[in-house]
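The values are calculated or read from the model by the stated rules, or taken from the named source; none is laboratory data. This structure is a prediction, so every number in the text was calculated from the model and none was measured. Glycine gets a Cβ as well: all are built from the backbone with ideal geometry, and neighbour counts include every protein chain shown.
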Amino acid sequence: MSLRVFKSTISRSLRSQGISAFVSVPRSPRTSLGGGRFQTIDGRCQWMLSLLMPQGGVNAPICHGAGRQHKTISDQVRKVEYVDANGTHQTISDPGLLKAAAGCFGLLGIVTHLTLELQPMSYPVMRPEKPDINLAIPPLTPEDVPPALKGDFTPEQFAEATKRFQERVENDYYSEFFWFPFQQKAWVHCWNPVDDQEGAKEYPPTVEVWLQWIQGWLGGVIIETKFFRAIPGSWQAVFLATLTMAALPPQFLGTRDAEIKTFMPDALHFRRGVQNMRCRDMEFQIPIPSRKDDPSKPDWTIVQRAWWDVINLVYTNPESPMRLALELRIIADSDMIMAAQRGNKHGTASIEVLSIPDAVSDGDWQPFLQQIADKWMSYEKIYGQKLNVRPHWAKEWEGLDLGGIPARKYLKTVAYKDEIPEFRDTLKKIGDAQGWGLKDIKKLFSNELWDELVFDTVQI
């Protein structure tokens, strides 16, 4: 069965069962998908899907979606089945042990099955917008806006836009924001679902799915051509940004796809084929601090600050190292021991910068990432609170200095100082009960990074 037919079959089956879920289309042609089955546990409908994922899969590195109500993918796991270092098929379903096993970076063994708890099917009503960048995520002050992006907005307009932004990130089921380099407008994708299916349609339609795949493929071809690589970085950025904004809904001056009611899996994967275009990507998880006037409430100004710090850095470098996008999603905390979001009681700003490989070839990318990392790591002093800012495990951070020290040392001695021993001890507890030791998984499933961070005390 082809991946497309498999995905379509899964989506129809989920909908017929009244279940909401998303199915990741694997990026590797070597990836195979096993069979799945529905089962009910304690009255909750669960979907068991056998996956042989590449090591960059969404569960192992504790990936996430969007929305302050939602934790990571790994937080939804209720059972892990795997082949251990002895070749024995094992199962883990204890909630305390799953805090390590469900987000273990492949260190546990060869995972064969994951059982995830899902929500009943609902129907998002999407109203994508392309507001002026000044009003999408408003600056803390008008002076924070680069001259090229300044608009003629009143204090009242800024205040109203700030209120709307805060309501969205605090209350919306799903919230994400995009800015493409040198564009006057942002793209805002915030929505809420309803229980009524009437009027829900598959999105995008089949023809547009193929069109989006072709667009992604063409983008990947174009960025690798000699001509494109030879033009200035800022031209590359403007070309890609202009095409992207034209392709995103609403199209044709807002007359097409202004409101889209669809099924939850379609809303979560509204854009197809993006994996056809290679990119570079650094993402940090920034805790939302407490408000000084009311510690029980979140202070959303840190999101505005992080957003505009990047935009200003883009305008200070004429080569434009960030040639694809600035993206922001608001998510919850996590119960996973090694999750970058763990302990963020008010939620997390998941913010990332993306570019194309040519920015790396030009030597502009790594210095730009360091500048951004320095900015995002500096907020603890500004807010006067402990903020455990961490990079996403599956994105770029190697080679950076974080908090003035090499990234690996920072992760081991600062960001995960308490979590790494807890993670190692939990793995040991699993092994003691199932007949393997830490030295076994270090020998078979670890690599140089995890040897240094987690297994440095384990002798083979």
Got a sec? Which of Asp94, Asp132, Asp172 is under 20 Å from Asp309 (Cα atoms) and modelled with pLDDT of 95 or more? Asp132
Just name the residue that is surrounded by the most Cβ atoms within 10 Å (Cβ to Cβ) out of those in the range 390-404 that are of a type outside the set (Asp, Glu) and farther than 16 Å from Thr72 by Cβ. Leu402
Hey, could you check the range 109-158 for residues that are of a type in the set (Asp, Glu) and in a strand (DSSP E or B) and say which is surrounded by the most Cβ atoms within 10 Å (Cβ to Cβ)? Glu129
Of the residues Gly435, Gly431, which is over 20 Å from Arg342 (Cβ atoms) and in contact with a Leu (Cβ under 9 Å, 6 or more places away or on another chain)? Gly431
Flag for Pro120 being at pLDDT below 95 and more than 22 Å from the chain's Cα centre (by Cα): yes
Pairs under 7 Å by beta carbon, first residue within 15 Å of Phe178 (Cα to Cα) and touching a residue at least 60 places away in the same chain (Cβ under 8 Å) in the range 299-314, partner buried (at least 20 other Cβ atoms within 10 Å of the Cβ) and polar (S, T, N, Q), six or more apart or different chains? Val314/Ser320
Here the residues within the range 159-174 that are among the polar types (S, T, N, Q) and either free of Cβ contacts under 8 Å to residues at least 40 places away in the same chain or surrounded by 14 or more Cβ atoms within 10 Å (Cβ to Cβ) (or both) are Thr162, Gln166
Out of the residues in the range 258-277 that are of a type in the set (A, V, I, L, M), under 16 Å from Lys201 (Cβ atoms) and under 17 Å from the mean Cα position of the chain (by Cα), state the one that is surrounded by the most Cβ atoms within 10 Å (Cβ to Cβ). Ala267
Just the residues that are in a loop (DSSP other than H, G, I, E, B) and in contact (Cβ under 8 Å) with a residue 40 or more places away in the chain, please, taken from the range 94-108. Ala102, Gly103, Cys104, Phe105, Gly106, Leu107, Leu108
Are any of the residues in the range 336-348 crowded, with 20+ Cβ neighbours inside 10 Å and not in a loop (DSSP other than H, G, I, E, B)? yes
Among the residues listed as Leu427, Leu387, the single one being outside the structural domain of Ile231 (by TED's automatic domain parsing) and either within 25 Å of Asp335 (Cα to Cα) or exposed (fewer than 14 other Cβ atoms within 10 Å of the Cβ) (or both): Leu427
Collect the residues in the range 76-93 that are within 12 Å of Gly109 (Cα to Cα), surrounded by fewer than 19 Cβ atoms within 10 Å (Cβ to Cβ) and in contact (Cβ under 8 Å) with a residue 12 or more places away in the chain, keeping them in residue-number order. Glu81, Val83, Asn86, Thr88, His89, Thr91
